[in-house]
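Each reported figure results from applying straightforward, stated rules to the coordinates on display, with no laboratory input. Remember, predicted model here, so these are calculated numbers, not experimental data. Here Cβ is always computed from backbone atoms with ideal geometry, including for glycine, and neighbour counts include all displayed protein chains.
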């Protein structure tokens, strides 16, 4: 690639390279290493016309994690945390790979492209959803110093 003055390298990372997950420390460290390697090689080889990027899938069923997907409760737990409400499918990666390999990505190097359904956003709701009761479902009536009654917690 260097001799030709052109090339595209796509390393395979994971959403675990940008977020920690209980039980996946060693795996996350290895994927984080791929992310760092991607940035270093992009810096080394960019001047030679070679781009180096990292494709970071989110939660996809694989041979390595299939036992998790056999647990319907865990799949529900996972889907609740993914903004698009489902795990990835292999075809979800296609366009990202094509883009990173194409001439259209000539000015993209050293980047990690997350294809994760949005789970890397943090996917934590800080709002009570309509129709959802709070943990303290009783409304407490309080009397203000002026004798007016107000509702609240």
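Descriptive notes on the structure:
- All conditions in (1) touching a helix residue (DSSP H, G or I) at 6+ places or on another chain (Cβ under 6 Å); (2) within 15 Å of residue 119 (Cβ to Cβ); (3) in a helix (DSSP H, G or I) hold for residue 56, with the sole exception of (3).
- Exactly one residue out of 106, 61, 89 is touching a residue at least 12 places away in the same chain (Cβ under 8 Å) and touching a helix residue (DSSP H, G or I) at 6+ places or on another chain (Cβ under 8 Å), and it is 61.
- Of all residues making up region 53-64, the number that are surrounded by 11 or more Cβ atoms within 10 Å (Cβ to Cβ) and over 14 Å from residue 89 (Cα atoms): 3
- Residue match in region 31-48 (condition: surrounded by fewer than 12 Cβ atoms within 10 Å (Cβ to Cβ) and closer than 19 Å to residue 60 by Cβ): no
- In region 69-95, residue nearest to residue 7 (Cα to Cα) [restricted to those that are more than 14 Å from the chain's Cα centre (by Cα) and surrounded by 15 or more Cβ atoms within 10 Å (Cβ to Cβ)]: 69
- Counted residues, region 3-25 - those being part of a strand (DSSP E or B) and without any contact (Cβ under 8 Å) to a residue 24 or more places away in the chain: 0
- Here residue 13 fits the description: touching a strand residue (DSSP E or B) at 6+ places or on another chain (Cβ under 8 Å) and either at negative phi or surrounded by 12 or more Cβ atoms within 10 Å (Cβ to Cβ) (or both).
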